[in-house]
Structures are given as structure tokens and as C-alpha cells.
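What follows is one structure encoded as C-alpha cells, with my remarks underneath.
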Amino acid sequence: MEGNVLIYVALILAASAFVQSATGFGLALVSVSLLPLVMPVEEGIALVAMFNVFVTIGVMLFNRSGVEFRLALPLIIGMVL
């Protein structure tokens, strides 16, 4: 990717992460709708899928005092399987 494309991708992902952390959803909505303007759709979707994992983990760790891991454990096991 060229330097300008990397800057646009970083700005789009940062804005999408802000929306995700503020509302609890929206990272994929914002990023998948804007990334095709600067990169191929297939690459954008793969990038968003990987980025979403890190943003979600970051939000969970930031709010870990409100997370009841004992109740979330069956969901986590289900996601792994």
C-alpha cells in the first residue's frame, strides 16, 4: 500500500474504533462502508475482521470491572468452538 492509502486506512479504522467504543457496535458498519474507497473490498473486510478482535478485547479490558467472567465463560467457550 502507498503512504497515502495507509493514512486513510488508519483514519478510517480510528474513527471506526471510536464509534465502537462509544456505542458498543459500529466498527464494521463504518469501516466496511468507507474502506472500499481506498482499497479492495476483500482486503478491507479481512483487515476489519482482524482489527475488530483487538478493539473488542481492548474495550473489554478497559471495562473489565463490569464484566462478569463467570457468566461470560460459556459464551467464550462457544466462540472458541
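So here's what we get for this one:
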{"read-out": "Residues located in segment 12-62, provided they are of a type in the set (Phe, Trp, Tyr) and within 12 Å of the chain's Cα centre (by Cα)", "value": "PHE18, PHE25, PHE51, PHE54"}
{"read-out": "Hey, ILE77 without any contact (Cβ under 8 Å) to a residue 12 or more places away in the chain, outside any loop (DSSP other than H, G, I, E, B), open to solvent by 70 Å² or more (accessible area, probe 1.4 Å) and at negative phi or not", "value": "yes"}
{"read-out": "Test for SER31: is it touching a residue at least 12 places away in the same chain (Cβ under 8 Å), part of a helix (DSSP H, G or I) and small (Gly, Ala, Ser)", "value": "yes"}
{"read-out": "Residue within segment 47-62 that is outside any helix (DSSP H, G or I), among the hydrophobic types (A, V, I, L, M, F, W, C) and touching a Leu at 6+ places or on another chain (Cβ under 9 Å) present", "value": "no"}
{"read-out": "Near pairs, Cβ below 6 angstrom, 6+ apart or cross-chain, from segment 1-23 (of a type in the set (Ser, Thr, Tyr)) to any residue that is surrounded by 12 or more Cβ atoms within 10 Å (Cβ to Cβ)", "value": "TYR8/VAL38; SER16/LEU27; SER16/VAL30; SER16/SER31; SER21/VAL59"}
{"read-out": "Only listed residue being of a type in the set (A, V, I, L, M, F, W, C) and surrounded by 10 or more Cβ atoms within 10 Å (Cβ to Cβ), chosen from PHE69, PHE51", "value": "PHE51"}
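The values are calculated or read from the model by the stated rules, or taken from the named source; none is laboratory data. Keep in mind that this is a model prediction, so the values were computed, not measured. Positions of Cβ are generated from backbone atoms using ideal geometry, with glycine treated the same way; all protein chains shown enter the neighbour counts. Each accessible area value is taken on the protein alone, full model and side chains, heavy atoms only, with ligands, DNA and RNA left out. Shrake-Rupley method; radii C 1.70, N 1.55, O 1.52, S 1.80 Å.
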